[in-house]
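Visitor: Could you have a look at this structure, given as structure tokens, before my questions?
Each reported figure results from applying straightforward, stated rules to the coordinates on display, with no laboratory input. The shown structure was predicted, so the numbers you read here are calculated from the model rather than taken from an experiment. Heads up, the Cβs are rebuilt from the backbone with ideal geometry, glycines too, and the neighbour counts pull from every protein chain shown.
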Amino acid sequence: SIFRLCNNSTQLSDCIILTMADSVKKIIKNATTVSDRKMYPATNQAHFCWHKYNEFVLCLKKNDGDEDHCQPARQLAASICPEEWTDMWDDQRADGIFLGVQENPVKEGH
């Protein structure tokens, strides 16, 4: 295919004639890709949120519930997760019904 790009002119001499290959090369040359940042805003962050919150709980488990020691993990989860989610998960942990990492696993037969 051949394309004509004319700047509001009817004169063929004022037009640029491009073949399909030329136009594809031009498009490819000017193409950009999505940023390789892991926190790209258009990506659904629910998985990362859940993962980071569970890393926080795992830190608590490994450090006998020391919230001060695990504050960096908590802040990371809070930076990704909606506050409503972390509040809900905090309440679930307090009630013993959180489905993620268990700080104090329930022993069988008790």
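Visitor: Sorted by average packing, counted as other Cβ atoms within 10 angstrom per residue and highest first, what order do 52-65, 70-83 take?
Guide: Peptide ranking by packing, descending: 52-65, 70-83.
Visitor: I've got another one for you. Relative to the present Cα-Cα distance, how much length would full extension add between Gln75 and His51 at 0.36 nm per residue of separation? Numbers along the way, then the final one.
Guide: Details: separation 24, 0.36 × 24 = 8.64 nm, distance 1.32 nm.
Result for the pair: 7.3 nm of gain on full extension.
Visitor: Pop out the ³J(HN,Hα) list for the range 62-73 in order, Karplus 6.51 cos²θ - 1.76 cosθ + 1.60 with θ = phi - 60°, rounded to Hz; leave Gly and Pro as x.
Guide: 6, 10, 6, x, 6, 5, 5, 5, 9, 4, x, 5
Visitor: So between Leu99 and Asp64, what do we pick up on full extension, going 0.36 nm a residue minus the alpha carbon distance?
Guide: Details: separation 35, 0.36 × 35 = 12.60 nm, distance 1.95 nm.
Here the segment from Leu99 to Asp64 would lengthen by 10.7 nm.
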